Amino acid sequence: MDRGGGHRRGRGAPGGDRRVTGRRPTTGGDRVPAGARVDRPAGAARAGSGLAGHRGARRAGFRPARLAVPARWSGGGRRHRGGLRRRRVRRGGLPRRRPADRGAPVTTYAQLWAADPAAWEQAGAAWRGVGDLLQRRAGELAAVAADLDRSWTGAASRAATGRLGTLRTGLLDRVPLGIEVDQILAEYAVRLRTARARLASAVALLPQAGAQIDRQGRVSLDPAVPRQPVHAGPTVTQVSAQVGAALTVADAADREAAARLTGLADALAGSWAEPPGAYRPPVGADPALVRLWWDRLTPAQRRWLVGHEPALVGRLDGVPATARDQANRLLLGTRRAALLAERSMIAARLPQGPLELAALRHLDGRIAGIDGIAGRLAEGVPRGYLLGLDQGGDGRAIVALGNPDRAANVLTYVPGMTSDLASLDGELGRAARVAARCAELDPTTETAAVLWLDYDAPDFVGEASRDRQAVAAGPALHRFQEGLRETHDGPPARQTVLGHSYGSLVVGTAARDHGLSADALVFVGSPGVGVESAAELRTEPGRVWASTADDDLIRYTRPPAELAGRMVLGGLPTLLFGRDDDHWFGTDPSGTEFGGRTFPSGRHGHTGYWDHDNPALDGMARIVLDRTG
């Protein structure tokens, strides 16, 4: 038996290669079809994460408790089990590539086959604890300084207190370090998983092409397969191109992660954080101007702003998602502490009447919401990015599952009535289901889903029958979508904005009044979107989608004038009051008169569009992926 994965060895091939026939580990639920001839090197399953150099980074790794960078590997060119060669590693934990390596991909098929994205996600999760450790140490220094100040006076005391303050500032400046390492490793794991899915897709074509593949990823005709006079399947060239594309993705991810980690190591040894100039973009600034300002800052200045002015960085559209996430994570504890202080103040009032009890319940809901956000951010897969947080009022938050600056497809989901910080976990679950369905339909493409709850959603039906809160939310949603465009890396992402219930009115009003940077607008369970036709949404009608379940009570949100007339005149024919597809806020977007496109939904009521057995979930995912044809 082959200890590297239990596959049966085949006969030796020319040049010392061995072909192995058998099934490969699943990737994204796929298996290599029976009969595919695949080279699996002995020991590949033991190769850890597999990519050249990264196994050493994982084993020697950053040491969070000591804030150390990895030492060089010993042994130089020794070959370890599995046939992969150890490579000497520079500071930062990843190999310095030779100039000759910079052209074609150097990641091999065998390395990518054995890669383990989950190991990198686990390493990133461990690094998230570095910030907590540094904050605890900084708190201990503050306590020591306070004790000294109470018991010691004079010049020596002032000098000692100043030195402790300097040490504390240095620790606090480095709190975002663990978050940034976690981001790097998580994003590397995502791209690695995408590359593996592409490789699995290519390998699945081998039987159809009558081909085989060796350890280096070279595809050739399989001499054991009879040649057909007319070959209708994929060619060897096509399969080879797909394998090469997968290796290129993995190699690019390898190079980028190495460069980013090396940059962090160099910054730790040099200038980690330094204050920028006095200018700061105002609240509500154009995301393009914010991005221009951010790009002109040095990395050290950006780190200083994240650590010293997280409230500014965390809310600016046009700042990259990684920096906003770092800043808002730093604010989580502060926001929670503010709510706890407010709760303690109210709880101390005696006697406590109905108003105090209602206020305590409201606070408990927001505290639970922040705890829910913290718990979701700690889960890791897909990694959460906290792009906005406000504990005031009912509470607001913007949470992305996956990095929207890196994903090829980005969904922005706007929830409806009664949405607040206390209900955020359930709304985030809806966004997660669409993202998961996208991954099932196309594991070779990165998709990020954003829950955008940055507006004051109505709490009662009376509020929901007016468009005041939707109109007020329009500028913020417009800026957020523009910011996603500005901060995205590489080719523009396909951006989809989805609104449910009152959230569909928010989306429609923003599109009508300000325009939305989106390739598709989607409305589900809508009471109307503020217009009479899709043509009024400043986009092509073919990019507007809607679905309303047959048993969704939203169908009965008739215009106020019609409701008043029915109350006076009773059950007279509908033609006296208008069309059946008239809603509170205009024509039903899922009706034929609206002029957009529709997708089906099962009878799952007003909140069941995300149920796993509802075709609406599949429809939303296909729109996000642009697979509706």
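The values are calculated or read from the model by the stated rules, or taken from the named source; none is laboratory data. Computed from a prediction, not measured in an experiment: that's the story for all the values here. Methodologically, a virtual Cβ is constructed for each residue, glycine included, from the backbone with ideal geometry; neighbour enumeration extends over all protein chains shown. Note: areas computed on protein heavy atoms with side chains; ligands, DNA, RNA excluded. Shrake-Rupley method; radii C 1.70, N 1.55, O 1.52, S 1.80 Å.
Do we have any residue at all in the range 224-233 that's surrounded by 15 or more Cβ atoms within 10 Å (Cβ to Cβ) and closer than 23 Å to ARG383 by Cα?
Step one: of the range 224-233, the residues surrounded by 15 or more Cβ atoms within 10 Å (Cβ to Cβ) are 225.
The next check asks that each one be closer than 23 Å to ARG383 by Cα; those that pass are none.
The answer is no, given that none of the residues of the range 224-233 is surrounded by 15 or more Cβ atoms within 10 Å (Cβ to Cβ) and closer than 23 Å to ARG383 by Cα.
From PHE599, PHE585, which residue is hydrophobic (A, V, I, L, M, F, W, C) and modelled with pLDDT under 95?
Numbers: PHE599 fails: modelled with pLDDT under 95.
Just a single option satisfies the conditions, and that option is PHE585.
Going by the structure shown, is LEU164 of a type outside the set (Asp, Glu), open to solvent by less than 80 Å² (accessible area, probe 1.4 Å) and in contact with a Lys or Arg (Cβ under 6 Å, 6 or more places away or on another chain)? It would help to see each step written out before you state the result.
On the way: of a type outside the set (Asp, Glu): yes; open to solvent by less than 80 Å² (accessible area, probe 1.4 Å): yes; in contact with a Lys or Arg (Cβ under 6 Å, 6 or more places away or on another chain): no.
So LEU164 does not fit the description; no.
From ARG255, ARG291, which residue is at pLDDT 95 or above and surrounded by 13 or more Cβ atoms within 10 Å (Cβ to Cβ)? Give the steps one after another, and end with the answer.
On the way: ARG255 fails: at pLDDT 95 or above.
Answer to the check: ARG291.
Going by the structure shown, is ALA400 touching a residue at least 40 places away in the same chain (Cβ under 8 Å), within 13 Å of the chain's Cα centre (by Cα) and open to solvent by 30 Å² or more (accessible area, probe 1.4 Å)?
In short, no.
Residues that are out of contact with any Gly (no Cβ under 6 Å at 6 or more places or on another chain) and under 30 Å from VAL306 (Cβ atoms): list the helices (runs of 4 or more DSSP H) wholly contained in the range 176-270 that include at least 2 such residues.
176-203, 236-269
So which residues in the range 373-389 are of a type in the set (A, V, I, L, M, F, W, C) and open to solvent by 30 Å² or more (accessible area, probe 1.4 Å), if there are any at all? Can you show your working first?
Of all residues in the range 373-389, those of a type in the set (A, V, I, L, M, F, W, C) come to 373-374, 377-378, 381, 386-387, 389.
If the condition is that a residue be of a type in the set (A, V, I, L, M, F, W, C) and open to solvent by 30 Å² or more (accessible area, probe 1.4 Å), then ALA374, ALA378, VAL381 are the ones that fit.
Has the range 472-487 got at least one residue that is farther than 30 Å from GLU256 by Cα, touching a Gly at 6+ places or on another chain (Cβ under 8 Å), at pLDDT 95 or above and among the small types (Gly, Ala, Ser)? Steps first, please.
Narrowing the range 472-487 to residues farther than 30 Å from GLU256 by Cα: 472-478.
Checking which are touching a Gly at 6+ places or on another chain (Cβ under 8 Å) leaves us with 475, 478.
Among the residues that remain, those that are also at pLDDT 95 or above are: 475, 478.
Then keep just the ones that are among the small types (Gly, Ala, Ser); that gives none.
No, the range 472-487 has no match at all.
With respect to THR322, is the statement that it is polar (S, T, N, Q), in contact with a helix residue (DSSP H, G or I) (Cβ under 9 Å, 6 or more places away or on another chain) and surrounded by 15 or more Cβ atoms within 10 Å (Cβ to Cβ) true?
It is true that THR322 is polar (S, T, N, Q), in contact with a helix residue (DSSP H, G or I) (Cβ under 9 Å, 6 or more places away or on another chain) and surrounded by 15 or more Cβ atoms within 10 Å (Cβ to Cβ).
Condition test on THR334, is it of a type in the set (Ser, Thr, Tyr), closer than 20 Å to LEU387 by Cα and modelled with pLDDT under 95? Give the derivation first.
Numbers: of a type in the set (Ser, Thr, Tyr): yes; closer than 20 Å to LEU387 by Cα: yes; modelled with pLDDT under 95: yes.
For THR334, the condition - of a type in the set (Ser, Thr, Tyr), closer than 20 Å to LEU387 by Cα and modelled with pLDDT under 95 - is met.
Restricting the search to the range 596-629, which residues are assigned to a loop (DSSP other than H, G, I, E, B) and among the hydroxyl-bearing types (Ser, Thr, Tyr)?
Of the residues in the range 596-629, the ones assigned to a loop (DSSP other than H, G, I, E, B) are 596, 599-614, 626-629.
Correct list: SER601, THR607, TYR609, THR628.
For the range 57-170, which helices (runs of 4 or more DSSP H) that fit wholly inside it have 2 or more residues that are closer than 24 Å to GLY217 by Cβ and modelled with pLDDT of 85 or more?
Helices (runs of 4 or more DSSP H) meeting the threshold: 109-114, 117-127.
What's the total number of residues in the range 441-468 that are in contact with a strand residue (DSSP E or B) (Cβ under 9 Å, 6 or more places away or on another chain) and farther than 22 Å from LEU421 by Cα?
5
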